[in-house]
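In what follows, a structure is listed as structure tokens, so that the remarks can point back to it.
The values are calculated or read from the model by the stated rules, or taken from the named source; none is laboratory data. Here the structure is a predicted model, which is why all the values come from computation and not from measurement. No Cβ is skipped: glycine too gets one built from the backbone with ideal geometry, and neighbour counts run over all protein chains shown.
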Amino acid sequence: MPEAGSAPVGVFDSGVGGLSVLAEIERLLPAESLLYVADAGHIPYGEKSPEFIRERCILVAEFFRAQGAKALVVACNTATVAAVADLRQRYPAWPIVGMEPAVKPAAAATRSGVVGVLATTGTLQSAKFAALLDRFASDVRVVTQPCPGLVELIETGDLHSDTLRELLSGYVAPLLAAGCDTIILGCTHYPFLKPMLATLLPPEVVLIDTGAAVARQLQRLLTQHDLLASGPAGQVQFWTSACPKSLRNILPKLWKNSESVRSFEM
Ligand code: DGL
């Protein structure tokens, strides 16, 4: 019988955003085999209802369980606020890592006392995000900015166009005007915009995302459950609920190479 630790970890997002988290997981835990689902047939989660997102998350979770996944990473802030509580209730013995905008580290890092949050409409409107602000941001001013349209552009592999620049500069302008010196990237798609953000923001503005913290939390949970893989580098496999060819085309840009991509039909 194979050791429990050799089973894969399931990681998913509405699309390619979770690849920014997958990269951190692979860097920290190279022996883990990883299964990645991009639910790209249903982007953007950020503009969908929490009920719809919960249904999608359960389908993906069931798929990973059928594949024998030993743990689940919800590599999406929007899906976490909508569904992680339900997922944990449904699968109480399954290690599940969710993610949320890094309000606590940002509140600790700001010198101007003003923190900006770029995230999806769904994340910013959620009760979970409001609770996060109550808990960690009482001493700072937080300026939130929903960013409709960014995810759709990133999903096409667009990280550099003038259209993207115009949209993004419109989203960061109010944060800069408010005096933010720390900006939370509260959606897993946005770390891919760091090169463009570097051209739009003054150099003293600090960007904070949670990919590395999620990888560390996964490491902690796997260790606690005695499920860490050991041995040679694990395999990474990809599925998408949109056209596999589009993910195959984008992977070399956002991941290392174009690995095999299968269709996720649910
Ligand atoms: N990447 C997702 C997140 O972290 C959201 C993208 C979407 O709106 O589909 O919130």
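Observations
For (1) out of contact with any His (no Cβ under 8 Å at 6 or more places or on another chain); (2) part of a helix (DSSP H, G or I); (3) not hydroxyl-bearing (S, T, Y), each residue gets a yes or a no:
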residue: S169; (1), (2), (3): yes, yes, no
residue: A213; (1), (2), (3): yes, yes, yes
residue: L222; (1), (2), (3): yes, yes, yes
residue: W239; (1), (2), (3): yes, no, yes
residue: A242; (1), (2), (3): yes, no, yes
residue: L251; (1), (2), (3): yes, yes, yes
residue: M266; (1), (2), (3): yes, no, yes
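- Flag if S126 is at pLDDT 95 or above, more than 10 Å from the ligand (Cβ to nearest atom), of a type in the set (S, T, N, Q) and surrounded by 16 or more Cβ atoms within 10 Å (Cβ to Cβ): yes
- Evaluating A102 against the criteria (1) surrounded by fewer than 20 Cβ atoms within 10 Å (Cβ to Cβ); (2) at pLDDT 95 or above leaves one unmet condition, (1).
- Count of residues meeting criterion [of a type in the set (V, I, T), in a loop (DSSP other than H, G, I, E, B) and within 16 Å of G211 (Cβ to Cβ)] in segment 97-132: 0
- Some residue of segment 62-74 being free of Cβ contacts under 8 Å to residues at least 12 places away in the same chain and of a type in the set (G, A, S): yes
- Single residue of segment 18-56 satisfying the filter (among the basic types (K, R) and within 13 Å of the ligand (Cβ to nearest atom)) that is farthest from I154 (Cα to Cα): R56
- Among the residues of segment 184-202, those that are away from the ligand (no atom under 15 Å from the Cβ) and either touching a helix residue (DSSP H, G or I) at 6+ places or on another chain (Cβ under 9 Å) or on the phi > 0 side of the Ramachandran plot (or both) comprise M196, L197, T199, L200, L201, P202.
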